[in-house]
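Written out below as structure tokens is the structure these notes cover.
The values are calculated or read from the model by the stated rules, or taken from the named source; none is laboratory data. These numbers were taken from a predicted model, which means no experiment stands behind them. Positions of Cβ are generated from backbone atoms using ideal geometry, with glycine treated the same way; all protein chains shown enter the neighbour counts. Calculation scope for accessible area: heavy atoms of the full protein, side chains included, ligands and nucleic acids excluded. Shrake-Rupley method; radii C 1.70, N 1.55, O 1.52, S 1.80 Å.
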Amino acid sequence: MSKNKNDNNPQQPNTTPDAGQESSSLFRKPVSRRDMLRLAGASGVGLLLGGSGAYGIMAATGATKQPASDKPGSPDNVTTGIPDANRYDFYGQHQAGITTPSQNFMCFASFDLTVSDAAGLKRLLQAWTRASASLMVGELLDGQNENLNLPPADTGEAAGLTPSRLTVTFGAGPSLFDHRFGLAGKKPAGFGDLPPFNGDNLMPEWCGGDLGVQICADDMQVAFHGMRNLIRIARGSAVLRWSQEGFQRSTESDPNKATPRNLMGFKDGTANPSVQDGAMMNEVVWVQPEDGAGWMTGGSYMAVRRIRMRIEVWDRSSLADQENTFGRYRVSGAPLGSQHEFDRGDMEAKDASGKPVIPMNAHMRVARGDGKMQILRRPYSYSSGMDNTTGQLDAGLFFISYQRSLDKQFIPMQQRLAQNDALNEYIQHIGSAVFACFPGVRQGGYIGDTLL
Amino acid sequence: MKARYTLPAVLLLSSVLFAACGNKEEAQPAANNAQTSPSTATTADSTAAGTTAPAASTADFKDATEQYRTYAIGEIDAFVTETEKFTEAVKAGKLEEAKKLYAPARMHYERIEPIAEALGNLDPDIDARQGDVDDKDWRGFHKIEQALWEQKTTDGMNEYADRLLQDAKLLRAKVETVDIDAGLLVTGAVELLNEVSSSKVTGEEERYSHTDLYDFVANVEGAEKIYEILKPNLAKKDPALEKQIGERFEALNKELAPFATKDGGYVTYDKLSKQDVRTLSQNLDALAEPLSQMGTILGV
């Protein structure tokens, strides 16, 4: 199955109706970042080029296609020559970056709007839409990139780099629905800042925001380039409120694609529902027509928590304590008392002294609850260097989850965890935000057009 | 598929053909950009319908450069006059009076700083902060600032006061020789805001007197003057950009207004909250981004 078509949207492959038309008007199309370099090389040393150079030119001029992309219905790459596996479509029923398999890196930013009316908001979202569509296919941002009298439209640090599976995901925070933009009437019922949870240590500088943007990519420079350019485009329309970069083990480091480990050394995400299961995603992640707020149909609610780990404390706790805290074995990820990572775990099992094998306050037991409610977790680790006050590491988990309903899914789960989770001894929640992530954008539309 | 196995001769041909197309393409880049998304790649708030204009010639900017020359000379004349009052107070040992005259005198300089920077070593001689130059070469305003505010004395400053006045007069003499063209105006406006962004908004410029906001305001005024002068050219080339820059100046000036004091000065930097600084900085960036597009009047 082509990633390009389906990872973003298991039910409905995205197709680009006018792909053929576009390929014929080659010279009106922006040049991909990779072709830009190929062409630069070709014009300088045309005679010396070998087979690979010839291929580069032909790919760039649209005279040939890469075999990998030469599939019926595939909208890709007539002009860009970028392998499908490296890019996702921006347009589609759902936004990319939600059920997309996690990329290696993340840049997250929360913005406050400085425009004062809906027209200004719309202009920003339209400009962001154009930029995101370019970023996801690895094109230079549209505009003047050659004029010596002007700063180039594209900041340039991703020149020559592939899209690296970059995705951009946009959401609206509760504050977007105040008096400023006339959107109060469209606020989904019950959508608001998360309620206080036991043990919260939230800092205002890590909370909230009018708009949230998640950019993920397999290359940090590509991801940063994306976020930097969105920030630049927003100047005068929106300002950064806070931002965080994240990472996980790279796919290169783990060819087996095992469940990634968090910074506590434990596998994180074992219990996630399968993103390949379209029916399950409709059940757990995508807002359905009957959920109210029609503009959100096909979208998803994002919960964000910046969770700092007490790294130094964790590092000096015994393996037994660590495993009892999670309720899993550190090495295998299997539930205590079980053999394999994906074993369900026996919640009733008792040890010789009659105590539960999986402690009552173990993270996995409390998180599961009665097992009826799931969320799609899509977290990244973060490291923000040193805490200047204590000299300790400021590192932890940048938790992101997607769900149909915050009220029914995330909030009850987090209430249970906040009250009972043994892990609370080793973590503190520093930041918090929620965003209503818009449905996908159709060709010709813009992000958030169902709302505005 | 066959095309991939063609001979080098064909390769060369296709490469030449492509280069030809490329040139043709380059001949009309502005028109293409106008069709797709003029200016928007840079700022979301611009809706400019960019039009194709021939590359600007020197004649197009004759009025503008003359206006700016008059402005710059006016500011430098005032700078010499006010610096003289300041240095006299220093030499007379009038500490409080010198402190009062310090920041307002500097504003005339800060308004036309790009001109001074175009004149070789004059800027460091007049405006270097400690650490910008070797200690033995350090002189100018900030040397005296340190004495007035940190050491709370004018002692030992006579020589520095004399040198400063000499340097100011030298600036006045040399300014006649500066070749002012439209390119200098365009980059100068952005440089003025970059000055604010890199040292004034962070409170690093006036580390003893904390009069950074005087410099801040003066840099912005200097940039706004350039914008005013280039406005007719800009309005012809990209009216939406012209309007947008005007609005952003207005927004920034509105943010600055509450920090003005009754005597015509500005509050000291240490009175600003973290939030004040961030808001000012963000408004500055919001202005500088479209301002950096003013180069569009220079053509391609």
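Of the residues B:211, B:202, which is touching a residue at least 40 places away in the same chain (Cβ under 8 Å), open to solvent by 10 Å² or more (accessible area, probe 1.4 Å) and touching a Gly at 6+ places or on another chain (Cβ under 9 Å)?
B:211
Search segment A:327-353 for residues that are in contact (Cβ under 8 Å) with a residue 24 or more places away in the chain and in a loop (DSSP other than H, G, I, E, B) and pair each with any residue that is surrounded by fewer than 19 Cβ atoms within 10 Å (Cβ to Cβ) and of a type in the set (Gly, Ala, Ser) when their beta-carbon atoms are under 7 Å apart and the residues are at least 6 apart or on different chains.
Pairs found: A:330/A:265; A:341/A:332; A:341/A:334.
Restricting to segment A:296-332, name every residue that is more than 22 Å from residue A:397 (Cβ to Cβ) and open to solvent by 20 Å² or more (accessible area, probe 1.4 Å).
The answer is A:297, A:320.
Among the residues of segment B:255-300, write down those that are within 12 Å of another protein chain (Cβ to nearest Cβ) and over 19 Å from the mean Cα position of the chain (by Cα).
Passing the criteria: B:274, B:275, B:278, B:279, B:299, B:300.
Every residue in segment A:246-286 that is in contact with a Phe, Trp or Tyr (Cβ under 7 Å, 6 or more places away or on another chain) and either open to solvent by 70 Å² or more (accessible area, probe 1.4 Å) or over 30 Å from residue B:275 (Cβ atoms) (or both), please.
A:247, A:248, A:264, A:266, A:270, A:285
With the condition kept exactly as written, say whether any residue in segment B:76-89 is touching a helix residue (DSSP H, G or I) at 6+ places or on another chain (Cβ under 8 Å), basic (Lys, Arg) and within 20 Å of residue B:263 (Cα to Cα).
yes
So, residue B:191, is that one modelled with pLDDT of 95 or more and either within 14 Å of another protein chain (Cβ to nearest Cβ) or surrounded by fewer than 20 Cβ atoms within 10 Å (Cβ to Cβ) (or both) or not?
no
Residue-wise test of (1) on the phi > 0 side of the Ramachandran plot; (2) in contact with a strand residue (DSSP E or B) (Cβ under 6 Å, 6 or more places away or on another chain); (3) surrounded by 22 or more Cβ atoms within 10 Å (Cβ to Cβ); (4) not basic (Lys, Arg).
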residue	(1), (2), (3), (4)
A:372	no, no, no, no
A:376	no, yes, yes, yes
A:390	no, no, no, yes
A:403	no, yes, yes, yes
A:406	no, yes, yes, yes
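Of everything in segment A:109-132, what is open to solvent by less than 20 Å² (accessible area, probe 1.4 Å), part of a helix (DSSP H, G or I) and within 11 Å of chain B (Cβ to nearest Cβ)? Give them in sequence order.
Across segment A:109-132, the qualifying residues are A:120, A:121, A:124, A:125, A:127, A:128, A:129, A:131.
Would you pick out the residues in segment B:241-254 that are free of Cβ contacts under 8 Å to residues at least 12 places away in the same chain, within 10 Å of chain A (Cβ to nearest Cβ) and crowded, with 21+ Cβ neighbours inside 10 Å?
none
Can you find, within segment B:262-290, the residue that is nearest to residue A:234 (Cα to Cα) among those that are open to solvent by less than 40 Å² (accessible area, probe 1.4 Å) and among the small types (Gly, Ala, Ser)?
Filtering segment B:262-290 for residues that are open to solvent by less than 40 Å² (accessible area, probe 1.4 Å) and among the small types (Gly, Ala, Ser), the one nearest to residue A:234 (Cα to Cα) comes out as B:286.
Against the condition in a loop (DSSP other than H, G, I, E, B) and within 14 Å of another protein chain (Cβ to nearest Cβ), how does residue A:144 come out, does it pass?
yes
Give the residue, chosen from B:90, B:80, B:16, that is within 30 Å of residue A:143 (Cα to Cα) and either at pLDDT below 50 or away from chain A (no Cβ under 14 Å) (or both).
Only one candidate passes the filter, namely B:16.
Please go through segment A:215-242 and give me each residue that is more than 8 Å from chain B (Cβ to nearest Cβ) and in a helix (DSSP H, G or I), ordered by number.
Answer for segment A:215-242, where residues must be more than 8 Å from chain B (Cβ to nearest Cβ) and in a helix (DSSP H, G or I): A:220, A:221, A:222, A:223, A:224, A:225, A:226, A:227, A:228, A:229, A:230, A:231.
Just checking, how many residues over segment A:205-245 are open to solvent by less than 10 Å² (accessible area, probe 1.4 Å) and either modelled with pLDDT under 95 or of a type in the set (Ser, Thr, Tyr) (or both)?
Residues flagged as open to solvent by less than 10 Å² (accessible area, probe 1.4 Å) and either modelled with pLDDT under 95 or of a type in the set (Ser, Thr, Tyr) (or both) within segment A:205-245 amount to 1.
Tally up the residues in segment A:427-452 that are surrounded by fewer than 19 Cβ atoms within 10 Å (Cβ to Cβ) and closer than 30 Å to residue A:326 by Cα, please.
So the answer is 2.
Taking the condition at negative phi, among the polar types (S, T, N, Q) and open to solvent by less than 40 Å² (accessible area, probe 1.4 Å), does residue B:70 pass?
Here the answer is no, as residue B:70 does not meet what is asked.
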